Amino acid sequence: QVQLVESGGELVQAGGSLRLSCTASGSVFHIYVWGWFRQAPGKQRELVAGITSGGSTHYADSVKGRFTISRDTAKNTVFLQLNSLKPEDTALYYCNGDLARTASSGRANYWGQGTQVTVSS
């Protein structure tokens, strides 16, 4: 069994910063891609940032230059640094791991339960 657990979300003023973390626990052989998604009330879940096992990163246009994704491979953990936060960044942030549980298993997607980020104006 694999569990992804996020932390770090909280209420912050506009212009502030937060650092989100997500750790995968359980049987994890290799994480191919980490992703951070967010979902605001009444909106669809959207990709915020992603990072591959090779270190390639991708960002949504709305967060480029403000958010930074990174990972600690040894600890099966991904981070999202959120700077210059805006009220429109308010959402439930989810991490996603595209991973293999063993050397012989296929890839599968796992989701965390989400961590709330609220940015006040």
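Here are some notes:
- Taken over segment 95-121, residues that are part of a strand (DSSP E or B), among the small types (Gly, Ala, Ser) and surrounded by fewer than 19 Cβ atoms within 10 Å (Cβ to Cβ) amount to 3.
- Where a residue in segment 72-94 is open to solvent by 60 Å² or more (accessible area, probe 1.4 Å) and its partner, wherever it lies, is part of a helix (DSSP H, G or I) and charged (D, E, K, R), with Cβ under 7 Å and at least six apart: none
- Hits in segment 1-40 (condition: of a type in the set (A, V, I, L, M, F, W, C) and closer than 19 Å to residue 109 by Cα): 2, 4, 5, 22, 24, 28, 29, 31, 33, 34, 36, 37
- Inter-residue pairs, beta-carbon under 6 Å, first without any contact (Cβ under 8 Å) to a residue 40 or more places away in the chain and in segment 56-67, second open to solvent by 30 Å² or more (accessible area, probe 1.4 Å) and in a loop (DSSP other than H, G, I, E, B), 6+ apart: 66/83; 66/84
The values are calculated or read from the model by the stated rules, or taken from the named source; none is laboratory data. Since we're looking at a predicted model, the values are computed, not measured. For neighbour counting, all protein chains shown are included, and Cβ atoms are generated from backbone atoms with ideal geometry for every residue, glycine included. Quick note on the areas: whole protein, heavy atoms, side chains included, nothing else; ligands and nucleic acids left out. Shrake-Rupley method; radii C 1.70, N 1.55, O 1.52, S 1.80 Å.
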